[in-house]
C-alpha cells in the first residue's frame, strides 16, 4: 500500500516535469496575468503587509509585486527558513536587493531585518507558491511543510498561485495540511470549493 508521502512524491515529480515543459512564452504570459490579477485583489488593496516568496524551480515569478506594494505604501516581507526546524519567519525588506542566498540557495532576508509578526487580527496578504494546488485550495509543495506550519499562525488572506494547467481536482493531503483562501492562475482568481 502506498503511503501519503509516496503519493505526494510521485505527484510532485510528475508535476515538476510538466512545469518544466512550460514554454517561455506561456510562462511570460502566465506571470504577467497572475501579477495583474494579484494587484487587482481587494485583499492586496487593503493589506498593510504583503508576504511574498522568491521564485525557484520554475515557480511563477511574482516579484513585480514588490515595487507595486512599496509604491502603494505597503510593507513587503520575505521568508527566512530555519532548515533545522523546518520553520520560517518573515522579515520586512525595503528593496529586493536586501535578499541574499540562504537555506536551499533561495534568496532570503537577513534575520536582523524587521520581523513580521503574524496575527489573527491583521488584514495582511500572503502569496504562496506550490508545485500545484487542487480545487479545494490544498497544495503540493516540496515536502518540508514550511508553509503549512506558518499558515497555522497567519490570520490574513492566503492566496495560492500556480499555472492553470497544474491545477488538480484534488491532491493527497494529511491532517496538518492547510488550504489557501483564494487561488490565482493566469485564467483568473477563484475561491476553493
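For the range 14-26, the candidate set comprises residues that are in contact with a helix residue (DSSP H, G or I) (Cβ under 8 Å, 6 or more places away or on another chain) and part of a helix (DSSP H, G or I); within that set, the residue that is nearest to residue 64 (Cα to Cα) is 19. For the range 150-191, residues that are under 20 Å from residue 50 (Cβ atoms) and in a helix (DSSP H, G or I) total 2.
Results for (1) under 19 Å from residue 4 (Cα atoms); (2) in contact with a helix residue (DSSP H, G or I) (Cβ under 8 Å, 6 or more places away or on another chain); (3) modelled with pLDDT under 95, shown as yes or no for each residue.
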residue: 88; (1), (2), (3): no, yes, yes
residue: 143; (1), (2), (3): yes, yes, yes
residue: 159; (1), (2), (3): no, yes, no
residue: 182; (1), (2), (3): no, yes, no
residue: 189; (1), (2), (3): no, yes, yes
residue: 192; (1), (2), (3): no, no, yes
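Quick check on this structure: which one of 65, 70 is free of Cβ contacts under 8 Å to residues at least 60 places away in the same chain, closer than 30 Å to residue 122 by Cβ and assigned to a helix (DSSP H, G or I)? The conditions single out 70. Of everything listed in (1) under 25 Å from residue 155 (Cβ atoms); (2) surrounded by fewer than 17 Cβ atoms within 10 Å (Cβ to Cβ), the single unmet condition for residue 88 is (2).
Among 29, 53, which is at pLDDT 95 or above and either touching a strand residue (DSSP E or B) at 6+ places or on another chain (Cβ under 6 Å) or assigned to a loop (DSSP other than H, G, I, E, B) (or both)?
Details: 29 fails: either touching a strand residue (DSSP E or B) at 6+ places or on another chain (Cβ under 6 Å) or assigned to a loop (DSSP other than H, G, I, E, B) (or both).
After applying the criteria, what remains is 53.
Residues are listed down the side, and each one gets a yes or a no for (1) in contact with a helix residue (DSSP H, G or I) (Cβ under 9 Å, 6 or more places away or on another chain); (2) surrounded by fewer than 16 Cβ atoms within 10 Å (Cβ to Cβ); (3) farther than 24 Å from residue 171 by Cα:
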position: 102; (1), (2), (3): no, no, yes
position: 112; (1), (2), (3): no, yes, yes
position: 122; (1), (2), (3): no, yes, yes
position: 127; (1), (2), (3): yes, no, no
position: 130; (1), (2), (3): yes, no, no
position: 135; (1), (2), (3): no, yes, no
position: 148; (1), (2), (3): no, no, no
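The values are calculated or read from the model by the stated rules, or taken from the named source; none is laboratory data. What you see is a predicted model; the values in this text were computed from it and never measured. Quick reminder, even Gly has a Cβ in these numbers, built from the backbone with ideal geometry, and neighbours come from all protein chains shown.
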